[in-house]
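Here is the structure we will look at.
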Amino acid sequence: MIHGLVQLAYIVATGLFVFALHWMNTPATARRGVFAGVGGMALAIAATWAQPEVVHHLWIILALAAGVAVGVPLSRVPLTAVPQRTALSHAFGGLAAGLVGTAKYYLWLGEGPENLTVFRMIAIIVEIILGFLTFTGSLMAAGKLQEVKWVPQRPVTYPLQNVTNLALLGIAVVVGVALVLSPTAAWAPAVFPVIIVLALAFGVLLIIPIGGADMPTVIAILNAYAGLSAVAMGFVLDNKLLITAGALDGSSGLILAVIMCKAMNRSFANVLFGAFGQVQQAKASGEEKVYKSESIEGAGQVLEQASQVVIIPGYGMAVAQAQHKVRELYDQLKKRGIGVKFAIHPVAGRMPGHMNVLLAEADIPYTDLVEMDEINADMPQTDVALVVGANDVVNPAARTEKTSPIYGMPIIDADKARTVFAIKRSKNPGFAGIDNELYFSDKTWMLFGDAKNVIGDLVKQLSGGSGLH
Amino acid sequence: MTPIEAAAAAPAADFWGQLYVFVLASFIGLGVIRRVSRLLHTPLMSITNAISAIAVVGSIIVTGADYPRPIRVLGAIALFASMTNIVSGFLITDRMLKMFKTDTRPGEGGRS
């Protein structure tokens with residue numbers, strides 16, 4: 001009886017999860033999706049807890065309470081820190097999968113070796129390898145994003161890196177196969193932790209060579225891994241709700257990773273094993289080129305004369321926390337009847353959709369946030385393209401320079417606008433370390449300084465000259 | 001069929017059922033998520049994160065059943081990690097989604 005009710009609850013929960021994701025197809029219904037998700041989750045927890053085999057309640061209550069205590073503050077981080085929060089939650093997901101897999105293995109080893117069938121063992125091995133590598137990999141990614149001191153920001157590479165990494169994974173797989181074949185051998189309980197250690201190490205080594213510009217893809221891939229480890233857990237526990245929910249998460253990570261890869265014209269393998277950081281140094285030298293810089297007054301006048309302005313935000317906007325100032329500028333321009341749109345490159349920022357969230361936080365209507373493919377058609381009719389802390393996503397070298405590491409990457413055609421203003425912190429190249437031809441173009445004027453201050457000054461300039469006192 | 005044979009056959013039957021569910025769920029996932037607005041990719045990631053914390057279900061059993069203490073400790077840590085993801089995942093998703101508006105605040109901007 002109770003078993004049937006539990007299964008029924010699981011089916012309803014599955015349906016609610018599918019609806020939760022379905023409602024994310026437009027911002028108008030998206031919040032309903034959250035309620036559906038919470039409902040499904042509450043139902044699943046209640047149904048599981050109600051099962052007769054759950055007899056110790058204190059530990060459950062304590063663990064749930066601790067989860068709430070940590071989860072609530074984690075949900076209140078500033079939106080610029082959302083990428084690292086996301087990476088951290090992938091780490092937690094991986095950890096949970098790894099630990100449950102480990103617990104189940106030792107449990108069955110002691111109390112029911114007949115449960116350790118070949119299939120279950122495969123599922124357990126996959127679960128712990130994926131789980132633990134996601135755990136450390138995501139922690140590394142979170143550390144890089146948070147710019148934690150002892151985590152190297154720049155890609156770290158060394159000779160035979162890929163060979164070493166793959167060898168490590170290979171050893172883990174070989175040990176795993178041995179365990180699948182003889183899960184109850186005398187050496188098995190001692191060898192099992194070896195796989196855990198190898199997976200933990202592999203996770204670290206996998207992320208160390210990856211640079212900030214590749215983070216959106218890497219976060220998406222780790223998302224897929226976290227989902228797949230939940231699927232593996234579902235196989236281990238023979239729980240179809242886990243399999244379904246994990247598959248939804250896994251396919252989400254996969255789709256996002258594919259979108260990110262396409263937006264950079266690179267393959268998965270290239271992102272994971274390409275060590276973006278290596279290629280760039282080769283191109284650092286070259287002839288001296290001159291930037292033309294413009295004063296705030298001059299830029300303000302040009303903006304006032306424009307009828308169509310496109311703002312192209314990048315990670316620099318997030319770093320400078322400039323989104324609220326951008327909003328003020330948006331208001332000033334709109335007040336003059338100037339059309340203002342935002343051009344959003346899929347990999348702008350450090351995670352998929354990062355720019356959209358920051359601009360939405362600043363109360364900019366999402367109807368003015370335009371995807372790259374759509375906005376590019378309008379760029380030739382645009383009077384001013386204002387680049388705020390973006391670099392590689394507007395670099396024309398992606399179109400022309402065959403030797404450039406970003407060659408072939410689709411970009412926002414800022415250079416097709418009549419005038420380009422680029423706000424830049426310093427004269428150093430961007431994250432990918434590549435010189436940007438756009439900045440030396442005849443129609444480009446640089447506004448050097450912190451994005452927040454520069455835009456703040458622009459707003460002052462515009463509001464001062466507008467006749468409103 | 002001896003009990004041993006039955007024990008050996010049962011998981012094999014499960015295996016195909018589970019694989020079936022996995023493949024179908026993946027197709028549903030791909031179909032649904034392809035339609036998600038690109039504006040919402042960050043909230044999408046946080047909500048799928050919360051949903052995949054359904055690992056909480058496995059963790060509750062491992063923590064609460066009459067298993068040896070070390071096993072239950074592992075379960076409790078997993079339960080804590082999953083619950084953290086559920087709480088922070090859903091809360092931050094909602095917080096972000098609340099910010100997506102078509103219109104700006106009334107009385108500001110003075111747009112015509």
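Coordinate-derived values only; no laboratory data. From a predicted model like this one, the values you see are computed outputs, not experimental measurements. Note that we place each Cβ from the backbone using ideal geometry, even for glycine, and neighbour counts take in every protein chain shown.
Express the relative contact order of the stretch A:1-76 as a whole percentage, based on alpha carbon pairs under 8 Å and six or more residues apart in sequence.
Working: 46 pairs, mean separation 23.1, N = 76.
It comes to 30 percent, rounded to a whole number.
Round to the nearest 0.05 the FRET efficiency obtained for residue A:335 and residue A:50 when R0 = 45 Å and r is the Cβ-Cβ distance. Before the final figure, lay out each step's value.
Values: r = 59 Å, r/R0 = 1.30.
For R0 = 45 Å, the calculated efficiency reads 0.15.
How big is the shadow of the Cα convex hull of the stretch A:296-464, averaged over all directions, in nm²? Please list the in-between numbers first.
On the way: hull surface 34.5 nm².
Orientation-averaged projected area of the Cα hull: 8.6 nm².
When you look at the Cβ of every residue in A:114-121, what mean number of other chain Cβ atoms sits within 10 Å?
On the way: counts 5, 2, 1, 7, 4, 7, 3, 0.
Per residue, the average neighbour count from other chains is 4.
Measure off 7 Å from each Cα along the Cα-to-Cβ vector at residue A:26 and residue A:148, then give the distance between these two points in nanometres to one decimal.
So the two model labels end up 4.2 nm from each other.
Taking every pair of alpha-carbon atoms in the protein assembly as shown, give the share separated by more than 42 Å as a whole percent. Numbers along the way, then the final one.
Details: 44412 of 168490 pairs.
Tail of P(r) above 42 Å: 26 percent of Cα pairs.
What shape does the stretch A:1-76 have by the C-alpha gyration tensor, where a ≥ b ≥ c are the square roots of the eigenvalues, rounded means a/c under 1.5, and otherwise prolate means a/b greater than b/c and oblate the rest?
Values: a/c = 5.04, a/b = 1.27, b/c = 3.98.
Here the stretch A:1-76 falls in the oblate category.
Sum -39500 (n - 2.57) across every DSSP H segment of at least 4 residues in chain A, then divide by the residue count to get the 222 nm mean residue ellipticity, nearest 500.
Numbers: 18 runs with 282 residues, N = 469.
For chain A, the value works out to -20000 deg cm²/dmol.
Counting only the backbone N, which residues of the stretch A:189-207 are under 20 Å from the spot 7 Å out from the Cα of residue A:156 toward its beta-carbon?
A:197-207
By count of other Cβ within 10 Å, fewest leading, how are A:241, A:74, A:179, B:19 ordered?
Details: A:241 27, A:74 19, A:179 24, B:19 13.
With the sparsest Cβ surroundings first, the list reads B:19, A:74, A:179, A:241.
If the reach is capped at under 13 angstrom between alpha carbons, list the aspartates and glutamates near residue A:240, excluding any in the same chain fewer than eight residues apart.
Straight-line reach from residue A:240, under 13 Å: B:14.
Report the extension gain between residue A:8 and residue A:114 in nm, rounded to one decimal, defined as 0.36 nm multiplied by the number of residues separating them, less their alpha carbon distance.
Numbers: separation 106, 0.36 × 106 = 38.16 nm, distance 2.85 nm.
Going from the current span to full extension adds 35.3 nm.
Can you tell me how much longer the chain between residue A:418 and residue A:290 gets when fully stretched, taken as 0.36 nm per residue apart minus their C-alpha distance, in nm with one decimal?
Difference between extended and current length: 44.1 nm.
Quick one: of A:325/B:101; A:341/A:443; A:292/A:402, which pairs are farther than 22 Å apart, Cα to Cα?
Values: A:325/B:101 18 Å; A:341/A:443 20 Å; A:292/A:402 26 Å.
Checking Cα-Cα distances, A:292/A:402 exceed 22 Å.
Please check chain A for the longest run free of GluC sites (Glu not before Pro) that are loop-located per DSSP (anything but H, G, I, E, B) and have at most 13 other Cβ atoms within 10 Å. Mind showing how you got there, number by number?
Details: sites that count: A:53, A:147, A:287, A:288.
Within chain A, the longest run free of exposed GluC sites (Glu not before Pro) spans A:289-469.
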